[in-house]
1. In this model, which of Lys157/Lys330; Lys16/Lys250; Lys10/Lys308; Lys250/Lys472; Lys16/Lys472 are farther than 32 Å apart at the alpha-carbon?
2. What does the accessible area per residue of the chain come to in Å², with a 1.4 Å probe and no ligands, DNA or RNA counted?
3. For the ranges 104-117, 142-155, 354-367, what's the packing order if you count other beta-carbon atoms within 10 Å of each residue, average per peptide, and put the highest first?
4. Ignoring ligands, DNA and RNA, please state the percent of accessible area on the chain from carbon and sulfur, probe 1.4 Å.
5. Under a 5 Å amide H to amide H cut-off, with H placed in plane at 1.01 Å, what residues pair with Leu414 once short-range neighbours are removed?
6. Could you estimate the translational diffusion coefficient of the stretch 121-169 from the Stokes-Einstein equation, with Rh from the Kirkwood formula over C-alpha pairs, at 25 °C and 0.890 mPa s, in whole µm²/s?
7. Counting each DSSP H run of 4 or more residues in the chain as -39500 (n - 2.57), what helix-only mean residue ellipticity at 222 nm follows after dividing by all residues, to the nearest 500 deg cm²/dmol?
8. Contact order normalised by length for the chain, with contacts defined as Cα pairs under 8 Å and 6 or more residues apart; what percent is it?
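The values are calculated or read from the model by the stated rules, or taken from the named source; none is laboratory data. Fair warning: this is a prediction, and the values are worked out from it, not measured in the lab. Counting neighbours? That spans all protein chains shown, and the Cβs are built from the backbone with ideal geometry, glycine included. Keep in mind that these areas ignore ligands, DNA and RNA; they rest on the heavy atoms of the full protein, side chains included. Shrake-Rupley method; radii C 1.70, N 1.55, O 1.52, S 1.80 Å.
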Amino acid sequence: MQILNLINGKLQPAHKGAWLENIEPATGLVYSQIPDSDASDIDQAVLAAQAAFVGWAETDPETRSACLERLADLIDRDAEALAADESRDNGKPLSLAREIDIPRAALNFRFFASAIQHFSSESHARPGYLNYTLREPLGVGACISPWNLPLYLLTWKIAPALAAGNTVVAKASEVTPLTAYRLSELAIEAGLPAGVLNIVHGSGAQAGDALTRHPLVKAVSFTGSTRTGAEIQRVTAGQFKKLSLEMGGKNAALIFADCDYSDMLETVLRSSFANQGQICLCTSRLLVERSIYERFCQDFVARVRELKVGDPHLPETQQGAVVSAQHQQKILSCIQTARQEGAEILCGGQAIQVPGRCEQGYFVGPTVVSGPGPQSQTNQAEIFGPVVSIQPFDLDSEALDLANATNYGLAASLWTNDQRRVQAFSRSLAAGIVWVNCWMVRDLRTPFGGVKDSGLGREGGWEALRFWTQSKNVCIAD
Ligand code: NAD
């Protein structure tokens, strides 16, 4: 199977005819090829997007909205096939792709199809003068997404960019390109004008780099690792592009003795291991008040041991494959580091071989570690896999210091019924998102993003539409 680029309304291979292999993580087998695009493919896509910009920017919001709604309808129509593709390409359980990834991709388009019709700008009247502010699209936007929630995160970027009247060149992760390709086919079927949405495949170092550097690209919306985010900021310095960088995390769950214990246990299990721990919002550090520490460790580990690791296609599977052989090796080496740092491995700690068709797949047993201190690599570096650490604390102040003791600051969750504590911690936690007695409840109107090394800028709701527009103030004398 050959995946193709979408450039100027046409599906095509890379100019040089070079291909990269695409592997199914659950089986370890190559099952498709993707274009190994380079700067010339990117240039063609950006020029197509630039040519389409004027026409698209001048359409009224209702027309753009209708286009996005048509795309959402097609995603809903093909939801089952898209879920199967996403599961195959990423290794995630089919049930998860069906329940979360694909419905959310359709919702991303519907949300911004509606939002753009309600988006407004300010006016400031004063005696003798009226100021009003226009919000104009930027031009060509680059949307670059990672492999963990492939279609979900790609559409989260494309939808507001297009809704606001920009044209887009998107680059999905080379590790999980399949549903982006399906989206290309659906964009043609939905009748999106040629050049409005271009999707180019290839490596980050070649295609991604050429895209972010391109002088006609006015904004880059990136989700991925902090290392790549820093590189994008470096190579675009001096070009004055708008940047939105959603990056890594090392999220803490702060668990107090007064919480609703069984709710907490269920949710923390999910927040630690959903999508094999490969969600930027997953909790990777569990901070537990000492009076319930022993009980929590016992109950939590018992529940983790019950998680069913297996073929992503089976309905009973709760943990699928991790995304690649390289990522599996990275996770296993982090577990090895934890051992060297004196951690106790409470469960998991190794690769798992799933018999049958998944024998050669990349599976890691859900792993819980305790012991290494807050400054250890285990508690500092992002692992982005099914590995979670537990640390005890005695005082609120100690819990806060532990939670904030990393360079990351994406999300935190707080488990307590003490409202004063909720208020105090919500103010003091260095994170862009705080969940209280819940996790990953996503309301698309809310600002989304991190602080410190986790992010620059915010996505979601008006934040996204403001990112994808620039204001122009007009002042008129009476
Ligand atoms: P990555 O940074 O390796 O790649 C992300 C994307 O950037 C890919 O499409 C890749 O091809 C591209 N890329 C790589 N090098 C590039 C370059 N030099 N120039 C331009 N583009 C380049 O990240 P990944 O391994 O795909 O994803 C995992 C990371 O994503 C984790 O760190 C995770 O925390 C993060 N993430 C963050 C969020 C968030 O919202 N904050 C959400 C999901 C994932």
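1. Among Lys157/Lys330; Lys16/Lys250; Lys10/Lys308; Lys250/Lys472; Lys16/Lys472, the Cα-Cα distance tops 32 Å for Lys16/Lys250; Lys10/Lys308; Lys250/Lys472; Lys16/Lys472.
2. I get 39 Å² per residue for the chain.
3. By packing density, highest mean first, the sequence is 142-155, 104-117, 354-367.
4. 51 percent
5. Leu254, Trp435, Val436, Asn437, Cys438
6. 187 µm²/s
7. -11500 deg cm²/dmol
8. Dividing the mean separation by the residue count of the chain yields 19 percent.
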